[in-house]
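Chemist: Below you'll find the structure I mean.
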Amino acid sequence: MATPYRLRAHRPTTALSPLGASVRSYYAKASQRVIWAAAPFVFLLGYGVWLSHDMELEHWFDSTFSVCVVAALFMMAIAVIVHTAAVGGGELLRVHADGLVDLRGQPRALRWDEMQSLTVLASDDGGGVRHVLRAMDGTTMVLGPAIGGIGHLVDEIRVRMAECQLPDLCARLAAGSVVRFGDIAASDRELAVGPTRVAWDEVDVLDAEDAQVVLRDRSGQCVAAAELTRVPNAFLLADLARIRRRARA
């Protein structure tokens, strides 16, 4: 994981429709090479304008109509390429007030309260961070960098999942249950990372660092760590840590 990874989700500013209408669409991310592909058309069109200015364009074409047709074709080609580079490809996912619709292949709807976990998926090829969204029925949805605005989409999912799950998580911990986040287990009193047990009062920072979920005490020392890819819903665990920190402040 070459770039720093954060667990804190920035709350989207998009206002959601109370009727469950479509709020935002996410499209296939366009390659930057599309912009470079427009360069030959621009240069050729510029050359045609220069020839026209020097009254030599008629040597290329038999009539003004031909000139206009070719110029129009070039302009349309440039407009399409630039639009594709700016907007992207086809629509992939659509956010609604009550959930997410995946339009890749067979369309599939997933409500916010049907989402079970969101886990970071390691990328060894340097292609960017991917996430696996798992539903309550066990099906999964992979969200990768090919989706334009993927960071905003992941933040949207995190916020909605936190709204659905955090109250229940806090209640379960208060009732004495142990909640597992993959390699990290949380109880009302402590966190267990393998054989290491850390009291909540000792945790000052819980965040992602170098592809790990790191727990630091008030002196800034790392007291425990687990691989980020092995901690589903790590962002919820980070939210719990922030709630505990505010409670003791």
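The values are calculated or read from the model by the stated rules, or taken from the named source; none is laboratory data. All figures in this text were calculated on a predicted structure; none of them were measured in a lab. Cβ placement follows ideal geometry from the backbone for every residue including glycine, while neighbour counts extend to all protein chains displayed.
Chemist: Given the criterion in contact (Cβ under 8 Å) with a residue 24 or more places away in the chain and among the charged types (D, E, K, R), identify the matching residue among GLU163, GLU190.
Modeler: Working: GLU190 fails: in contact (Cβ under 8 Å) with a residue 24 or more places away in the chain.
From the options GLU163, GLU190, the qualifying one is GLU163.
Chemist: Right, here's the next one. Can you tell me which of (1) under 20 Å from VAL23 (Cα atoms); (2) more than 24 Å from the chain's Cα centre (by Cα) is the one ALA175 doesn't meet?
Modeler: Only one criterion is unmet by ALA175, namely (1).
Chemist: Further question: Select from segment 180-200 the residues that are of a type in the set (Gly, Ala, Ser) and at pLDDT 95 or above and list them in ascending order. Steps first, answer last, please.
Modeler: Quick first cut of segment 180-200, residues of a type in the set (Gly, Ala, Ser) only: 182, 185-187, 192, 194, 199.
Matches in segment 180-200: GLY182, ALA185, ALA186, SER187, ALA192, ALA199.
Chemist: For segment 231-241, check the following and say yes or no: at least one residue is at pLDDT 95 or above, outside the structural domain of LEU118 (by TED's automatic domain parsing) and more than 22 Å from GLU163 (Cα to Cα).
Modeler: Within segment 231-241, none of the residues are at pLDDT 95 or above, outside the structural domain of LEU118 (by TED's automatic domain parsing) and more than 22 Å from GLU163 (Cα to Cα).
Chemist: Pick out the one residue from ARG197, ARG180, ARG158 that is assigned to a helix (DSSP H, G or I) and basic (Lys, Arg).
Modeler: On the way: ARG197 fails: assigned to a helix (DSSP H, G or I); ARG180 fails: assigned to a helix (DSSP H, G or I).
Only one candidate qualifies: ARG158.
Chemist: Give segment 213-249 a look and list any residue that's touching a residue at least 24 places away in the same chain (Cβ under 8 Å), in a strand (DSSP E or B) and surrounded by fewer than 16 Cβ atoms within 10 Å (Cβ to Cβ), or say none.
Modeler: Result: GLU227, single match.
Chemist: Out of ALA199, ALA192, ALA174, ALA186, I need the residue that is crowded, with 18+ Cβ neighbours inside 10 Å and assigned by TED's automatic domain parsing to the domain that holds ALA238. Which one? Step through it out loud before you land on a result.
Modeler: Details: ALA199 fails: crowded, with 18+ Cβ neighbours inside 10 Å; ALA192 fails: crowded, with 18+ Cβ neighbours inside 10 Å; ALA174 fails: crowded, with 18+ Cβ neighbours inside 10 Å.
After applying the criteria, what remains is ALA186.
Chemist: Let me ask another. Filter segment 207-249 down to the residues that are among the hydrophobic types (A, V, I, L, M, F, W, C), more than 21 Å from the chain's Cα centre (by Cα) and under 22 Å from VAL159 (Cβ atoms) and list them by number. Can you show your working first?
Modeler: Applying the first criterion (among the hydrophobic types (A, V, I, L, M, F, W, C)) to segment 207-249 yields 208, 211, 213-215, 222-226, 228, 231, 234-238, 240-241, 243, 247, 249.
With the extra rule that they be more than 21 Å from the chain's Cα centre (by Cα), the set shrinks to 214-215, 222-226, 240-241, 243, 247, 249.
LEU240, ALA241, ILE243, ALA247, listed by residue number.
Chemist: Return the residues of segment 141-163 that are surrounded by fewer than 14 Cβ atoms within 10 Å (Cβ to Cβ) and either more than 13 Å from the chain's Cα centre (by Cα) or on the phi > 0 side of the Ramachandran plot (or both); say none if nothing qualifies.
Modeler: The one that is surrounded by fewer than 14 Cβ atoms within 10 Å (Cβ to Cβ) and either more than 13 Å from the chain's Cα centre (by Cα) or on the phi > 0 side of the Ramachandran plot (or both): GLU163.
Chemist: Could you say whether any residue in segment 172-181 is among the hydroxyl-bearing types (Ser, Thr, Tyr) and touching a residue at least 12 places away in the same chain (Cβ under 8 Å)?
Modeler: Looking only at segment 172-181, we keep the residues that are among the hydroxyl-bearing types (Ser, Thr, Tyr), and these are 177.
In the following step, the residues that additionally are touching a residue at least 12 places away in the same chain (Cβ under 8 Å) were identified as none.
Scanning segment 172-181 turns up no residue that is among the hydroxyl-bearing types (Ser, Thr, Tyr) and touching a residue at least 12 places away in the same chain (Cβ under 8 Å).
Chemist: Looking at the structure I just gave you, is ASP210 in contact (Cβ under 8 Å) with a residue 60 or more places away in the chain and on the phi > 0 side of the Ramachandran plot? I'd like the intermediate steps shown before the answer.
Modeler: Numbers: in contact (Cβ under 8 Å) with a residue 60 or more places away in the chain: yes; on the phi > 0 side of the Ramachandran plot: yes.
Spelling it out, ASP210 is indeed in contact (Cβ under 8 Å) with a residue 60 or more places away in the chain and on the phi > 0 side of the Ramachandran plot.
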